[in-house]
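Where a number appears in this text, it was derived from the coordinates with a stated rule and is not lab data. Small disclaimer: the values here were computed from a predicted structure and weren't measured. Glycine also receives a Cβ, built like all others from the backbone with ideal geometry; neighbour counts cover every protein chain displayed.
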């Protein structure tokens with residue numbers, strides 16, 4: 001069967017070329033968007049008189065019938081017709097006759113596919129924003145229940161200062177809030193209509209691009225036809241945003257893996273989100289957060305791949321740009337899967353409060369508070385820092401923790417120490433004392449929770 005574009009050619013396309021250049025095996029994901037785009041285009045063609053209203057109605061009806069068949073799984077797409085656009089046009093002509101060929105009046109596959117991707121990414125971006133919010137809600141619930149749960153905070157993966165568990169996990173709430181904001185802001189660039197730019201120079205037909213933009217609920221129309229068909233910045237921006245999101249997911253997953261190990265035992269993941277070993281029956285493996293962490297390179301790769309693809313392309317459309325879709329589709333599906341798992345996994349995990357508290361009583365993470373104690377009593381902080389360094393070294397050599405030292409031992413380093421030093425070193429006091437804005441003090445964590453609730457309520 002000859003191609004819909006085959007009039008200029010004297011022989012059929014080589015089968016290997018058909019197989020290699022066909023994109024229908026992946027761009028059939030755009031079927032819904034392609035029909036949505038075509039319905040708007042044909043309505044505009046009828047309204048402007050480029051085709052008759054009767055023809056427009058016939059074509060619209062045919063597209064609706066085909067859409068229903070696709071939804072019911074009654075359609076088989078063919079590599080012979082290359083892509084989703086030509087497959088649907090062929091199905092349309094088979095359904096309503098040659099009048100279906102008028103659908104393509106005043107447009108090209110170049111502006112058609114760009115429009116489809118704008119529509120697809122707009123829908124998926126809004127869905128991902130909602131999924132991010134589900135993760136934030138799970139974090140919020142754990143934080144709300146654990147304001148006074150204390151665990152060691154780390155720098156360089158060495159115990160640094162005790163912090164509220166709520167404060168720790170709320171750090172991820174704000175990361176995901178920024179992720180949401182980036183996605184929301186990206187909709188300003190996604191919500192542009194390329195439709196009507198045709199192949200690259202516009203069209204001789206008196207089309208109404210503003211009308212199709214209105215029908216498709218686009219906010220803007222590309223003012224330059226060459227830019228319209230060759231712009232993939234909106235996909236690059238999405239892949240960049242996705243790379244940051246998966247980075248945050250990976251960092252959180254890393255902590256879940258560490259915290260659920262016997263060495264930490266700070267949390268226990270629900271059995272529904274873990275797997276076992278084929279040989280070691282005692283094992284409970286945190287496979288889900290490990291795999292979430294592992295997906296990072298996959299999304300980074302799609303961003304790097306598209307950047308590399310575009311860097312040397314002249315204007316306007318080039319066949320290379322067929323490679324822009326699979327990475328986008330895979331990134332969307334990877335993020336959807338990750339976020340759908342992350343929310344219930346966080347919500348169902350058990351926080352081992354007692355073990356966390358034991359950890360902060362058997363370390364030196366309250367050392368900074370001794371320096372602050374001496375500084376408040378008039379000793380320059382730098383001198384106080386040196387004094388507490390010597391006290392920590394003394395305690396380590398004596399196989400003691402700071403709360404195990406006697407007042408006499410403290411006073412051997414400075415006469416400024418009094419009995420109240422032991423209260424100052426208690427984990428609850430150490431945490432509560434950090435009451436600066438954004439700090440881990442309980443009052444400020446409650447303030448954070450209110451701000452977080454406002455974010456969720458506002459969205």
How far is helix 296-310 tilted, in degrees, relative to the longest principal axis of the Cα atoms in the chain, given as a value from 0 to 90 rounded to the nearest 10?
40 degrees
What's the extension gain from residue 398 to residue 368 if we count 0.36 nm per residue and subtract their Cα-Cα distance?
8.8 nm
Treat the range 234-391 as a sphere of radius equal to its Kirkwood radius over Cα pairs and apply Stokes-Einstein at 10 °C in a medium of 1.306 mPa s; give the translational diffusion coefficient in µm²/s, rounded to a whole number.
81 µm²/s
For the pair residue 383 and residue 251, the simple spin-label estimate (label points 7 Å beyond Cα toward Cβ) gives in nm 3.9 nm
Relative contact order, percent, the range 388-459 [alpha-carbon distance under 8 Å, six or more residues apart]:
14 percent
Could you check the spin-label model distance between residue 436 and residue 78? Points 7 Å from the Cα along Cα→Cβ, value in nm.
7.1 nm
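Go ahead and run the numbers for FRET between residue 64 and residue 240, Cβ-Cβ distance against an R0 of 35 Å, rounding to 0.05.
On the way: r = 37 Å, r/R0 = 1.05.
According to the calculation, E is roughly 0.40.
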Taking the chain and dividing mean pair separation by its residue count, relative contact order in percent (alpha carbons under 8 Å, at least six apart)
16 percent
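Sum -39500 (n - 2.57) across every DSSP H segment of at least 4 residues in the chain, then divide by the residue count to get the 222 nm mean residue ellipticity, nearest 500.
So the calculated ellipticity at 222 nm is -19500 deg cm²/dmol.
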Extension gain (nm, one decimal) between residue 105 and residue 199, 0.36 nm per residue minus Cα-Cα:
32.7 nm
If one compares the long axis through the Cα atoms of helix 325-348 with the longest principal axis of the Cα atoms of the chain, the angle in degrees, nearest 10, works out at 40 degrees
Between residue 130 and residue 443, with labels modelled 7 Å along Cα→Cβ, what's the label distance in nm to one decimal, could you check?
4.1 nm
Difference of contour (0.36 nm per residue) and Cα-Cα distance, residue 185 to residue 428
83.4 nm
Taking N as the number of residues in the chain, what value does Rg over Cα atoms divided by 2.2 N^0.38 Å take?
1.35
Cα-based Rg of the range 359-458 normalised by 2.2 N^0.38 Å, two decimals:
1.29
The range 13-105 - Rg over Rh from alpha carbon coordinates, Kirkwood radius:
1.00
Angle, helix 381-397 long axis vs. longest principal axis of the chain, Cα atoms, 0 to 90°, nearest 10?
80 degrees
All Cα pairs of the range 52-191, percent lying beyond 26 Å
53 percent
What number, in percent, do you get for the relative contact order of the range 267-380 if the mean sequence gap of Cα pairs under 8 Å and at least 6 apart is divided by its residue count?
32 percent
